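Everything on this sheet refers to the single structure shown next.
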Amino acid sequence: LIIHENKLLVQYDQSGKKSLMAFDVNSGNLMWETIRPVSISWASPVITEFNGIIQVILTAEPYVISYDVNTGRELWSIECMSGEVGPSVSVNSRYVFAVNDFAVLVAINPAEPASIVWADNEYTPDISSPVATEELVFVLTSWGGVACYDTETGNLVWDHEFDYGFFASPIVAGNNVYMLDQAGVMHVVKAEREFQLVADSPLGERTVCTPAFSERKIYIRSEEHLYCISE
């Protein structure tokens with residue numbers, strides 16, 4: 001689910017009919033629905049702007065597809081995914097980054113016509129979504145591997161292996177990347193071209209949910225508690 005202005009957008013890629021639906025947030029009325037030629041997906045929609053158009057981008061086998069957020073009209077699609085997709089896409093000002101285990105990590109240029117800029121299959125998360133800055137894209141795997149790629153070339157900049165894997169997606173805040181592993185340890189590294197560990201902060205219980213950042217506070221849902229962490 002994601003909200004844009006007066007629309008609640010629902011990616012329904014489950015058994016049976018696959019579609020993207022937009023509901024009026026005030027009335028609940030269906031505003032539009034677009035049928036999708038895809039398989040089951042667990043990813044979430046992402047809203048961004050490319051080429052002067054507000055777009056909602058979805059990923060599921062076999063396509064990454066962009067739609068006009070106001071009408072549901074398909075803008076572009078790239079065939080590059082396989083399996084039951086878990087990670088959502090990430091974007092910067094130039095590219096869309098999509099990945100799934102048993103598939104590839106791809107950088108997509110959404111210009112007309114959309115095209116794949118580069119692809120790599122060394123680090124492919126099955127749950128955690130990537131996160132991108134203008135220069136770097138970060139991916140976290142469920143077995144503990146973390147990789148940083150150059151957004152323009154797809155070259156591996158650095159990689160590192162932690163003791164526990166990641167289901168939560170990474171978050172970039174300031175010049176740091178926050179990575180919460182399944183054991184409940186928040187690993188903080190610099191969002192730079194060299195691996196620099198800033199901190200390891202154990203929460204003390206298992207976590208699988210992506211933390212939320214708002215107004216200099218971090219919200220973390222663990223197995224037993226909801227935490228709010230601030231300065």
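Work out, step by step, the length gained on full extension between V25 and I53: first 0.36 nm times the residue separation, then minus their alpha carbon distance; give nm to one decimal.
7.9 nm
Step by step: find N for the chain, compute 2.2 N^0.38 Å, then divide the Cα radius of gyration by it. What's the final number?
Normalised Cα radius of gyration, the chain: 1.01.
Counting alpha carbon pairs within less than 8 Å and at least 6 residues apart, what relative contact order, in whole percent, applies to the stretch 142-184?
Reported relative contact order: 32 percent.
Any idea how far apart F102 and T71 come out in nm if each label point goes 7 Å out from Cα toward Cβ?
3.7
How much length, in nm to one decimal, is gained on full extension between Y219 and E79, taken as 0.36 nm per residue of separation minus their Cα-Cα distance?
Working: separation 140, 0.36 × 140 = 50.40 nm, distance 3.56 nm.
Gain on stretching Y219 to E79: 46.8 nm.
Counting pairs of alpha carbon atoms under 8 Å apart in space and at least six apart in sequence, what relative contact order in percent does the stretch 121-231 give? Each step should come with its number before you reach the end.
Details: 274 pairs, mean separation 18.3, N = 111.
Contact order relative to length: 17 percent.
Size of the dipole of the stretch 134-231 about the Cα centre, Lys and Arg at +1 and Asp and Glu at -1 on the beta carbon, nothing else charged, in debye to 20?
Here the stretch 134-231 has a charge dipole of around 300 debye.
With 10 angstrom as the radius, rank K190, K17 by how many other C-beta atoms surround their C-beta, starting from the fewest.
Taking fewest neighbouring Cβ atoms as first place, the list is K17, K190.
So which GluC sites (Glu not before Pro) in the stretch 120-188 end up in coil per DSSP with only 15 or fewer other C-beta atoms within 10 Å?
Values: sites: E122, E134, E135, E152, E161; in loops: E122, E134, E135, E152.
Hits after loop and neighbour filter: E122, E134, E135, E152.
Any chance you could run the full-extension gain for Y227 through A173? It's 0.36 nm times the residue separation minus the Cα-Cα distance, nm to one decimal.
Fully extending the segment from Y227 to A173 adds 17.6 nm.
Counting other C-beta atoms within 10 Å, which of C80, C209, C148 has the fewest, and how do the rest follow?
Values: C80 20, C209 15, C148 24.
Sorted ascending by nearby Cβ count, the order is C209, C80, C148.
Report the relative contact order of the chain, percent, no decimals, based on alpha-carbon pairs under 8 angstrom and at least 6 residues apart.
Worked out over the chain, it gives 9 percent.
Just tell me which aspartates and glutamates come within less than 14 Å, Cα to Cα, of K217; anything on the same chain fewer than 8 places away is out.
E231
Computed from the coordinates by the stated procedures, all read-outs in this text should not be read as laboratory data. Here the structure is a predicted model, which means the values were calculated and not measured. Note that we place each Cβ from the backbone using ideal geometry, even for glycine, and neighbour counts take in every protein chain shown.
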